[in-house]
Amino acid sequence: MTETPSSADWLSRGRDAVARTSLAPEAEPIGRVIAVADGIARISGLPEAPLGALLRFEGGQAGFAQALDAEEIDAVLFDAADGVEAGHQVTDTGDVVRVPVGAGLLGRVVDPLGRPLDGKAPPEAEALRPIERPAPSIIERDLVSEPMMTGVLVVDSLFALGRGQRELIVGDRATGKTSLAVEAIINQKTTDVICIYVAVGQRATAVERVITAVRDHGAPERCIFVMGGAGSTPGLQWIAPFAGMTMAEHFRDAGHDVLIVIDDLTRHAATHRELALLTREPPGREAYPGDIFYLHARLLERAAKLPRSVGGSITALPIAETDEGNLSAYIPTNLISITDGQIVLDAHLFAANQRPAVDVGLSVSRVGGKAQAPALRAVSRRVRLDYSQFQELEMFTRFGGISSTRVKTQIARGERIRGLLTQPRYAGLRLVDQVALLAALGEGTLDTLAVSALPELCKRLPGRIDQQGGDALTTVQQTGALSPEHRAALVAVVADVVRDLPQAEAAG
Ligand code: ATP
Ligand code: MG
């Protein structure tokens, strides 16, 4: 949403600026370091420095103003505090923290200040932009109306996401949160969406896995990896999501659609708390400072869909970790109320090998349904209801024999839904594959197939649709619409694949 002034404009503005500039010597505000500890420098003599001001230390190190007292301020350092000592001079640069933006960052691994971490030259920057920028106002936003497909059937069919949406991925430790977000990034291989993965406080090995997965299966040349990992200073970790958002906004303003994953905001909240305690801010609930809600709200508000005439969109997938599935803890509830829905991952499902371990009852997508392709909406309408009924029935029938055939059919259907919603990694399904599977499910085509053969069906189907899908393939993929003829054609392809696979033993 930056206006692009004509060259005449620029020229006259430049002239004005030159005319206004005084060439007399000017005093730069200079302060002194009183003490340094834990990545924080206490500084006197800079009482005018505003919050977030970029400060430069005598040895060249940088930091930003965090806590402001009447006489002294605290600065959060970006790099190791080694060279910073009491007595050193500090300059208020009069600027805020800025990061490089532009196409030069694509395909790169950088730290939150845009410095290279991949052993290559510093990325070429089109501009330096502040890490904190105002979110688009309600008036400036457009309705979320275009799908952002993840290739993961359970998400795309039941909790569809739209471009410009903010959806929280939340779950206990090691329940596949990062993996799910990475699937969404990898699935953009066949779209024009630009992806930004921001790591906050993650272990180096976990981050390495993400980069490798995207390099092996996705389109890394359209991704930026912003690393504020566990080894980074709290200052770098703190700015990482904001820096990623600023990088995303550059592409959004140029009309692109961006997907940003922030992994994760629980760690970010912990870093914020750590910095707040070190700078003696008064602690609130669970010792978090009072502005923790505002911190994440102002970050995630920047994800939005703009009207096409103005720009593109930013879809945000922030991640949060829960403790023993407790969604009502402080940070998860905050994030749930800021976002447009949440995908809840469940440790029990994960342990039972149902992966992705999405808890269908607790997950919700508040806006994406409207953006879902009509073809997918048509075939997934009954799935959620059938599935929840099945889960209830399964509980009841666990202890006794099943008598009614109706119940048996319902259970057979439910087992197949569960089989379909279980999906290996790096096996994202296209819209047409998803539509074909769910349409066939609805027709009962899968009822006789052995549940154990479902993974093989999902594996073989895309190739078969390529061969036999014909008109249905192109129409569904391109328009997202589903005519009765195309529906029948796709179900026929599924039936064809099913014929060669093991059948369920006759229910007895
Ligand atoms: P952490 O809390 O450590 O960040 P996480 O919730 O992000 O963990 P992941 O790192 O994504 O979880 O996944 C944990 C493990 O589960 C990984 O080792 C991964 O190999 C495995 N895993 C995740 N998703 C799947 C899946 N769909 N199928 C098979 N294995 C999976
Ligand atoms: Mg993770």
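Listing for the model above:
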| quantity | calculated |
| --- | --- |
| G31, sole failed condition from (1) in contact with a Pro (Cβ under 9 Å, 6 or more places away or on another chain); (2) within 27 Å of P123 (Cα to Cα); (3) open to solvent by less than 30 Å² (accessible area, probe 1.4 Å) | (2) |
| Residue within the range 128-146 that is in contact with a Leu (Cβ under 6 Å, 6 or more places away or on another chain), open to solvent by less than 50 Å² (accessible area, probe 1.4 Å) and of a type in the set (V, I, T) present | no |
| Matching residues, the range 53-92, being over 10 Å from G31 (Cβ atoms) and surrounded by fewer than 16 Cβ atoms within 10 Å (Cβ to Cβ) | G59, G60, D69, A70, E71, A80, D82, G83, E85, A86, G87 |
| Residue count, the range 349-375 (criterion: open to solvent by less than 50 Å² (accessible area, probe 1.4 Å) and more than 16 Å from ligand 2 (Cβ to nearest atom)) | 14 |
| Sole exception among (1) surrounded by fewer than 20 Cβ atoms within 10 Å (Cβ to Cβ); (2) under 26 Å from Q165 (Cβ atoms); (3) modelled with pLDDT of 95 or more for F251, by number | (1) |
| Complete set of residues in the range 288-309 that are open to solvent by 60 Å² or more (accessible area, probe 1.4 Å), over 16 Å from the mean Cα position of the chain (by Cα) and closer than 23 Å to G368 by Cβ | R308, S309 |
| Filtered residue count, the range 420-451, keeping only those that are farther than 24 Å from L345 by Cβ, β-branched (V, I, T) and part of a loop (DSSP other than H, G, I, E, B) | 2 |
| The listed residue being within 25 Å of Q61 (Cα to Cα), more than 11 Å from ligand 1 (Cβ to nearest atom) and either in contact with a helix residue (DSSP H, G or I) (Cβ under 6 Å, 6 or more places away or on another chain) or open to solvent by 10 Å² or more (accessible area, probe 1.4 Å) (or both), out of G228, G162 | G228 |
| Residues that are open to solvent by less than 10 Å² (accessible area, probe 1.4 Å) and of a type in the set (V, I, T), drawn from the range 195-206 | I196, V198, V200 |
| Candidate set from the range 169-194 (those that are surrounded by fewer than 18 Cβ atoms within 10 Å (Cβ to Cβ) and on the phi < 0 side of the Ramachandran plot); member that is nearest to ligand 1 (Cβ to nearest atom) | R173 |
| Scope the range 258-302; condition more than 16 Å from ligand 1 (Cβ to nearest atom), touching a strand residue (DSSP E or B) at 6+ places or on another chain (Cβ under 9 Å) and among the charged types (D, E, K, R); matching residues | R273, R280, E281, E301, R302 |
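One line per residue, one yes/no per condition, for (1) within 30 Å of M149 (Cβ to Cβ); (2) open to solvent by 10 Å² or more (accessible area, probe 1.4 Å); (3) away from ligand 2 (no atom under 16 Å from the Cβ):
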position: L278; (1), (2), (3): no, yes, yes
position: A320; (1), (2), (3): yes, no, no
position: T333; (1), (2), (3): yes, yes, yes
position: I336; (1), (2), (3): yes, yes, yes
position: A347; (1), (2), (3): yes, yes, no
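The values are calculated or read from the model by the stated rules, or taken from the named source; none is laboratory data. Treat the numbers as computed from the prediction; the structure is a model and nothing was measured. Backbone-built Cβ (ideal geometry, glycine too); neighbour counts: all protein chains shown. Surface accessibility is based on the protein's heavy atoms, side chains included, excluding ligands, DNA and RNA. Shrake-Rupley method; radii C 1.70, N 1.55, O 1.52, S 1.80 Å.
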